[in-house]
Amino acid sequence: MRRIFIVLVFGSLCLSGIAQAPADTVQVVTPGRTNDPAQEQKPYVIMISADGFRHDLAEKCHATTLLMLASTGVRTPAMKPSYPSVTFPNHYTLATGLYPSHHGLVDNTFYDTELGEGYTIGKQKAVTDPRFYGGIPIWVLAEQQKMLSASFFWVGTEAPVDGVSPTYWYHFNNKISLDTRLKAVHDWLTLPEEQRPHLILFYVSDVDHAEHFFGPDSRETEEAVHTVDGCIARLVRMVDSLKLPVNYVFVSDHGMAAVDTLHPIMPPEIDTAKFRIAFGGTMIHLYAKDRQAVASTYEALKRSADGYDVYLPDQTPARWHYTSTDDSYHRIGDILLVAHHPRIFVNSSRILKGEHGYDNALPDMGATFYAWGPAFRPGAKLPEFENVNVYPLVAHLLGLTISQPVDGSFKMWKAALTENH
């Protein structure tokens, strides 16, 4: 048996550093586009993602701006992320209304047997390859219907999905300051109407980073929450000064749990002549090079498993939407090793203090959803819902027609919107 030798990928941590174009801080503009005159009359949506912003952090850390804004619109006690509760699959679910098994980003790291290539969030070639991205993300839907869009970092916007990129976008580079990002939003919203984006995607990673390195209950995490809260306060003041009809949707991709740092799980020995391995802190995918090795390897792993479950794809809980039947792109491993909360797989001496990717029913995985603006009923409260439902909401707010079936539904939003919306 050959021991696995792999690079440890801790969820969205790689979003902040590895998967970015070197020293790229220049806006990319797709030439030759303008809004259709009918689209110029539509309201605007700014969709903000605060990575790892667990459902309880605003109250716990006294995020006064976010709590005030949420009270003027719609909120839920928690939004349920899709499984696995990691960054890339859930950002792309928020953008497409599809479960990860249906849009193709089944994990932060996976292998596509038909393409014969792996996807890793730290691999720029993969991140920018449109073959890995299914569905019709909201910016593609907008552009196809002659409405301009802009993105300051969102999973999928660096790849021309269906041959379409946002009109204005940036390669991910976390060294770009929040002030620079806010200025870009101002500049977009002060363009002439025919050039002005009506959909703006905006991403911040501070909270996720603090939780990973210091834990979700740390002083550093509280400070990161205040950084995000201050950023939102500046954004809203700036946009308010422009007197535009803007609706805001504030989301996170997942929550965060404190890790059992005293009992890490060392990955089992796997014969790399028979399996490819895609590693994550909470889930490991094994892809068979030799199909005849699946049954015996599965049984051996089941017998020796300590601190994790071993699944064949048809055995995963139906509520995860993560079986071989769900797997539209055949990217889920032939064997899955799933860590028990709060333990994690490690293959180095360093253990982070916070992690996600666990069962999406776990309360600590719960994400945040707030929305405010002229379309939203003040003080409306919704029960917990799945994040696949955000896409139909944003499409409705922009007056876009959804052009292919999605897993989410608009029905739940009717009670949360004002009569004119």
Checking the condition of a type outside the set (Ser, Thr, Tyr), in contact with a Ser or Thr (Cβ under 9 Å, 6 or more places away or on another chain) and at pLDDT 95 or above, which residue from 363, 378 passes? 378
Need the failing condition index for residue 335 against (1) buried (at least 16 other Cβ atoms within 10 Å of the Cβ); (2) more than 30 Å from residue 301 (Cα to Cα); (3) over 23 Å from the mean Cα position of the chain (by Cα); (4) among the aliphatic types (A, V, I, L, M), just the number. (2)
Could you please find all residues in region 26-79 being outside any strand (DSSP E or B) and under 18 Å from residue 385 (Cβ atoms)? 53, 54, 55, 56, 58, 70, 73, 76, 77, 78
Say we look at region 342-386 and pick out the residues that are basic (Lys, Arg) and touching a Pro at 6+ places or on another chain (Cβ under 9 Å); which of these is farthest from residue 417 (Cα to Cα)? 343
Kindly indicate whether any position in region 155-177 is over 26 Å from residue 125 (Cβ atoms), surrounded by fewer than 24 Cβ atoms within 10 Å (Cβ to Cβ) and either in contact with a Leu (Cβ under 7 Å, 6 or more places away or on another chain) or modelled with pLDDT under 95 (or both). yes
Does region 218-227 include one or more residues that are in contact (Cβ under 8 Å) with a residue 60 or more places away in the chain, over 25 Å from residue 361 (Cα atoms) and charged (D, E, K, R)? no
Hey, any hits in region 238-260 for a residue that's out of contact with any Cys (no Cβ under 8 Å at 6 or more places or on another chain), surrounded by fewer than 16 Cβ atoms within 10 Å (Cβ to Cβ) and not in a loop (DSSP other than H, G, I, E, B)? yes
Result of the Cβ filter at 6 Å on region 266-283, keeping first residues that are farther than 22 Å from residue 122 by Cβ and partners that are among the small types (Gly, Ala, Ser), at least 6 apart or interchain, is 274/293
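The values are calculated or read from the model by the stated rules, or taken from the named source; none is laboratory data. Since this is a predicted model, take the numbers as computed values, not measurements. Backbone-built Cβ (ideal geometry, glycine too); neighbour counts: all protein chains shown.
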